[in-house]
Structures are given as C-alpha cells and as structure tokens.
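Engineer: Sharing a structure, written as structure tokens. Questions coming.
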C-alpha cells in the first residue's frame, strides 16, 4: 500500500499584509476531484483544497476563483461549526485561509474538516438507503434534518450569499443527531460587495422552470440565477426527504404528448402535487400522507408565483410547529411517528372517531345552548381531520377523482369507504339539525379587569348565520365553571349554594344574563348563562386538553376567516390609529366608522369556548399564567369572534412578557370591540411596552379605557395599582401620564411650537415623536437615548457621558427574582447555542420579566430575534437593554445592525456605531466587527458605506 504523499503549501496570512505561512499537508485517499485535490492538515480539524492549474483553461479559471475566495474570506457566514458538549460538527465548510503560490495568486483554500459521523444526504431519502447506512427511519428524525437544513441555508443567506446547487452530494448529515453540513461552498453564488459572483454550476434537474432555456429544457445560464432558485432547490430537496427520494416532477402522463424527461417536465411545470394530476403520482409516492399545511407549501413552491415560494425561514418555522403541535407516536410501533394522517411506515390509520381529539366528535342533537351560538363548522367534523374520504367539497369547488376537497390524494388501500360514506351522510344530517336548532348570538361580558364589555359591542351580527331560534323551554344543561353560585333571583341575588363543574341541571326559564334551573336533588335557582353548556357536549369536553383542541381545529377555517374579515376593516382601523398618533382629542367619529365597518361571520363552538374560558380563569387564579393562556387560546379557536377570549390571551401574554402576542390581539380587538374597556387596556399596555411607539398613543388608549368603562373610578384604581407596580417602566410612565389628568380629560395634543426639528441632519428615527403634554414620570425613555445620539453627532462626548449617567440614575429598575432570571438566561443560552431561536426568545422573555433590572436579558432577547430575522423586535429589545445600561458598546453595535436591516436612515446607524466605539472597552474587536460589516451583504450599500465611514473616524472618538 502506497504511503500518502506530503506536500508543502503557502497559506496567506489572515490579513493581506501578513507574510505567508508554510504548512505540510498530506494527500487524502479520496481527495481526488475533477477540478481540485484535497489534503489533510496537521491537527485533523482542517483540510486544504488546491485547484488544478495543469492546463491553460485551468490556469485561466484560477483568476475567477481567486476573486471569489477573497469575497468569501471577507464576508463569512455565522454558525459555521456547531458545538454541543464534546461534539463538534461542521455545518458550513467555508474557506478559512487562502492557499497561494509563489506569485501570491490564490490557488486554493483551507476549510473545516467534516465529521466522520457524517453521511450523504441521499442516505436518508429512502427506507432502503437508511437500512444500508443504519440510520433512523422515524419521521421525527427527518423533521429535525429538515429544520437544520433550512437553518444552515439561512446562515449563508444572512451573510449575503446564496446556495444554488442543491445536488444531494453537497449536503451531509450527522447520523446520530440529524445536524446538516454544507460542502463545496466555493460553488455558491457569493456576494463580493458589488454584486453576486455566480455559482459554478447547478444540477440540471433542480433548476427552477423560469431559468431554463425555452429551446432546450436542460440549458440555463448561471448568471441569471437568484434567490428564486435557492427556494426552488430547497423545496425539491425537502420533497425528496419526505417522499422516499421521489422527484416532484416524477409521475405518469396525464396526456399522451407529455414529455418524459425530468428537465422537460420541470420546464413544463408538470409536478405531482398538482391536484389536476391526482392519481398519476409515481410508485412509492406518499404525498397523500403529508399534512395539508405541508402540501400547501409544496404547491406554493412548485405551482405558485415564482417570487412567492416559501423561504428557508418559513419552512423551518413550519416544521418546528408541526413537531411541537402535531407529532404523535404510532400506537402499533412506538419507534415511528405520524401526524393526523396514517403512519408513513406501517400504514396505521387513526380510528375514525375514537382517537381523534374529542372536540371533533359530532355534537349530539339535544337541547341547544340557550341563546348561544352553535354553527355547523364549530369544530365538530371528524372527517375534517383524519378521514379524507368523509370530507365533502366546499360549495362551488370541485376536486379531481381520487382526492379530497384540499386536493390531497386519498389512499386506495383503506377498506372502510362504505362506512365512511355512511358516517358522512349521518354527519351531514346532524349538521342540518344543529343548524336549524342553533341561535346566533353570544354575549359574554369580559371581567379580566373588572369591567364588562360595552353594551354597544357585546353582541355581534354574524352576517350570514341562520336566524335565531328560541330554545326549548326545558333541556339538559351542565356547569362549565369549576364552581358556580346557584342564586336566588334572575338579577343575581344571594347565593343559595355552589355547583361543581359537570353538574347536570334542567333548564326551566331564561332571563337576560341568568338561567333558571333545577338540580337533580330538586333545588331551583339561577345560574350565570356564561358558565352553562349543553349537557350533551360534556363527555367530549371533560377529556379534552386545550392543546388537543387547538391541534384538532387546524383544518377549521374559522380563525382564518375572522382575520380576513378583520382585514376588511383595515382602512377604518388605520384612520383611527392615524388620528390617535396625530394627537386628536375627539375620536368618536373614527371609532364609529370602525364599529360600523365590522362584518363578522364565523362559526363558533360555544360550549368549548365557555369550557376553556372557565378553565383559563381557574388557572389564572392559581397563578398558572402560561396554562391560563393555553386555555384562552383554545377558547379563541372555539369562538374567534368573542372579544373576551382575545382579551384573555392578551393579558396573560402581558404577564408572560410576550408583548408581540399582546399587540397582535390588540389589533384584532380594535375591530371586534372598539368601544370596550379591555380593547383599550390591551392596546395601551402593548403600545407602552414598545419603545418604537409614541407614548402619546399609549396615554390616549388608557384614557379611552376609562371612557368606555362602566365603572370609571374602579378602572382608575386598577390603573393606579398597576402604575405603582410598574413604576419606572414605559408602562408605568404611560399610566402615570394618564392618571395625572382629571377623570374624563383626554391627553392634550402637542403644541406645534414643540414640533420644530433640531438642526440638520434629521433626528434619529429611534427618537419617538414628541410626548403627550401631561408630565411624564422621571424614568428614562427612548428620548434620552436619542439625546445621547444627538450628542454623538455633535461630538459633545462629555454631554453624552452625563446623559448616560442621568439615564442610569433615573432608571430605578426594580430588582426581581434574580435566581429565576439566571435560570431562564441559562436556558435561553442553551437554546441559542442549539439554534433553537424560538425557544431562546421564550426563555429570555421570562428572564426579562423575572428581573427587569438586568440588561443582559433584553440584550440576549435581541440576539434571538435577530437570529430569527425579526429586525423590529430585535431593535426594541436592544433599546430596552440600553435604557437599563446605556453605556454598553456591544449593545449599541448590535442595535446599529438591526436599525440598518429595519431600514432606519444611515445617519442613525452611524450615530449608534459612534456610541458603540465610545463605550466598548475592547475597541480592537469592535473595529474588526465593523470591518466585517463593511462587506456584509445583509446590509444595503448605503449601510455598508456607514461602516466604512465610521472606521475612518475611529481616531476622533475618545477611548473608553
């Protein structure tokens, strides 16, 4: 056996001015390639790739390669190596140093060495390949591979480069953990500061249709490829990953003249996921077992507009969501997993009703809920979840033979078609009876903050619902609350005793808010209507978790319909927000227009909604805020149009520090119930928590919360208590501003004399517009940070320092539970290291709530948001950290990047970087970071120029 040959190479220094370094590298047995040879370097953690230059053509090619390697070294992606415990896995085999010849030409590069545990991506595509390689068969493993693949593609994209060639040989996976590594990175499309250097080549059968030559389907020009190709190639790889290696263009012919070649079929967009081609899928195709959401994404990727294909981040979020919510073990083989469809390995089919979440069993046709709403699609259709044969087509639509209404192919082997058809017919009959016997209104007072909803908006006109029908005078009901008072009169009266959850009673008489009932012991009294449900619904609800209910409702379109109907009032909502932002004191016309624009027509499962609301209130009383939010979310799924459930989600989100979720619910409530206390409480709290929102908006919202309250003094008492509890925070400032005014007096608009801008250049965008006239609390605000930036612009460094000390002195942040915060920070860091960014966001939020005085929690939260590509929330988190510790150079630097990505003016980014250099102790490292940003393609040209401009000014900025 020949001994591996050793060769001497020159490595250029990490800086171009550094002298070359001589290394000895050894040939690898399998390192021979068509265009280069790979050698092992001492230490076994890196290899060296040396391009061939034996022929004139190869020598000429080195010129282009050198330019590309220079660009790759100047702007590397993050997260190239994944470290977990003692394990080290190369995720991106990116060039580390340039290999040069005696003429200092780049002839190669070094890169990290791939782990010996890595196997080619193709090894996981089919069951046979997995058996040969000894890999796991289960679906969960491939889901992790899919998420990891999307993440590493995103890391490359974040640095400005694009993966174009999705040839499976360019990807490896860790056989034990499912980590994904990218190979042959010098073949990517690389950003050099001016534009993209094209990819070397792309596997022809994975080129997107729009880039193919109209004359020859297998021909394409690499110079034309852009991000649409990245998204198409990723979708092809994911499709093969979950469909036994089959190409999305494989399948039988629909017409005799269809092409057979894969390139021609892709060019003609002849994809097997097209509902028109149902029944023509290739042998071994299992797309009918894909979740409907997954199939919809593949259809968008292959059949939708070219520029609207799912991004890597969207795919990753989708697979994470499926894993967290829908993945379940197969009862026949616990090593396998499946979703709502049959198991991909053993064919196990969930029983038609027994194993489906109880919320999807058809509701009995007994007594309807008195004056409640129960419409046909309130989550009671079992065929909508696990029985494709029992799903009928929506009105006006048609599906191809062999498909259900969503276009999903129905599997032929299932033997119970006649049974399913009978069940479907019986179920339609049940729906017809329920449709006729249901009423169409549900008035549920909101009591989260001690105020009922306004009578103007407590009821909803469900346009298109059947006419209200008076319920039967007698019927079987059940108690939904954990405990409920049995009272002596229809207006409440003194309690005569308590009834536990599940107690069945007989309906005798109805009043507006109470029902007269008789218990099984013969006792007669009145129960609050909101805590009573149909007794027939009790069995399905008693064994139903909120997670199972939400999961079961995923195929129901009620919540989606509500959001589209909310969007229909978008113009009126925008007019109201503009009026608030402009300082208007009389908003009655805008609110009335918004109120009149609302047209809500969504079905509801009222029994489930009341059941989960009662559970949510009980959990909140036990201080299980996270559990309470889960119950409220289930109630929203059950009855999306009831504002009290959205308020519940909003307030529990606030307690958990999830201000983004609170703001989302606030936007919905503005349309659902614009004349209620809780709507303006929610929006006031959310706007106060967002440093980017003008404080006047929060103060105005809290004023409106008082205006629409049925008990204004009590509302002011609650505001005062919350203001004291949140003293020094942005919310405390807004509450104090509202309470400083007499009851019923709105915040005054800012006089025009205060609106004059400071001298040019324009003030930073991070500065909020002028605050409301009421005196603000002494705590620091975003305006104080803007003052620091103004000082930095004018080089008044002493004033900047004094302002920073003032912010620190006025902070008065209340120390919280440091142990809880520390634990949450450690949990978040572990999630961040494992690229589990959503989990990291949750943990860092909890840390920020547990100890508001710790600037590290919001800073880390900003990093997690940034990793998710959410520049706005990241920017807000960094600002909150700076309000606690304004002298953190690292935080100012991170903020500058998010300001650039979010589109703030370059001048503002420049000011933030000047402050970063002023306060960062390790200035040398920061200068290196800024130098890297000067070629970071994630930033636009103007922002990269900002980084270069700051580097020229370093000497004029004092040392910390």
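The values are calculated or read from the model by the stated rules, or taken from the named source; none is laboratory data. Predicted, not measured: the structure shown is a model, and the values here were computed from it. In this analysis, Cβ positions are derived from the backbone assuming ideal geometry, glycine residues included, and neighbour counts consider all displayed protein chains.
Engineer: At least 2 residues that are within 15 Å of the chain's Cα centre (by Cα) in each: list the helices (runs of 4 or more DSSP H) lying fully within segment 837-905 that qualify.
Structural biologist: 837-850, 856-867, 871-884
Engineer: Mind checking which residues of segment 161-198 are surrounded by fewer than 21 Cβ atoms within 10 Å (Cβ to Cβ) and in a loop (DSSP other than H, G, I, E, B)?
Structural biologist: Within segment 161-198, 167, 175, 176, 177, 178, 183, 184, 192, 193, 194, 195, 198 meet the criteria.
Engineer: Going through segment 803-817 one residue at a time, which ones are modelled with pLDDT of 80 or more and either surrounded by 14 or more Cβ atoms within 10 Å (Cβ to Cβ) or in contact with a helix residue (DSSP H, G or I) (Cβ under 8 Å, 6 or more places away or on another chain) (or both)?
Structural biologist: 803, 804, 806, 807
Engineer: Kindly provide the set of residues from segment 133-146 that are touching a helix residue (DSSP H, G or I) at 6+ places or on another chain (Cβ under 9 Å) and closer than 20 Å to residue 286 by Cβ, ordered by number.
Structural biologist: The answer is 135, 136, 137, 139, 140, 141, 142, 143, 144, 145, 146.
Engineer: Any residue that is at pLDDT 70 or above and within 41 Å of the chain's Cα centre (by Cα) - is there at least one of those in segment 503-521?
Structural biologist: yes
Engineer: Take residue 237 and tell me if it is touching a strand residue (DSSP E or B) at 6+ places or on another chain (Cβ under 9 Å), at pLDDT 85 or above and either under 24 Å from residue 171 (Cα atoms) or surrounded by fewer than 22 Cβ atoms within 10 Å (Cβ to Cβ) (or both).
Structural biologist: Spelling it out, residue 237 is indeed touching a strand residue (DSSP E or B) at 6+ places or on another chain (Cβ under 9 Å), at pLDDT 85 or above and either under 24 Å from residue 171 (Cα atoms) or surrounded by fewer than 22 Cβ atoms within 10 Å (Cβ to Cβ) (or both).
Engineer: Which helices (runs of 4 or more DSSP H) sit wholly inside segment 593-659 and have at least 2 residues that are surrounded by 23 or more Cβ atoms within 10 Å (Cβ to Cβ) and under 24 Å from the mean Cα position of the chain (by Cα)?
Structural biologist: 625-638, 643-655
Engineer: Where residues in segment 864-898 are under 19 Å from residue 155 (Cα atoms) and at pLDDT 85 or above, which of them is surrounded by the fewest Cβ atoms within 10 Å (Cβ to Cβ)?
Structural biologist: Among those residues, the one meeting the criterion is 894.
Engineer: The conditions are (1) touching a residue at least 40 places away in the same chain (Cβ under 8 Å); (2) surrounded by fewer than 16 Cβ atoms within 10 Å (Cβ to Cβ), and residue 521 fails exactly one of them. Which is it?
Structural biologist: (1)
Engineer: Continuing with this model, one more query. Give the residues of segment 546-570 that are farther than 30 Å from residue 626 by Cβ and in contact (Cβ under 8 Å) with a residue 24 or more places away in the chain, sorted by residue number.
Structural biologist: Of everything in segment 546-570, those that are farther than 30 Å from residue 626 by Cβ and in contact (Cβ under 8 Å) with a residue 24 or more places away in the chain turn out to be 568, 569.
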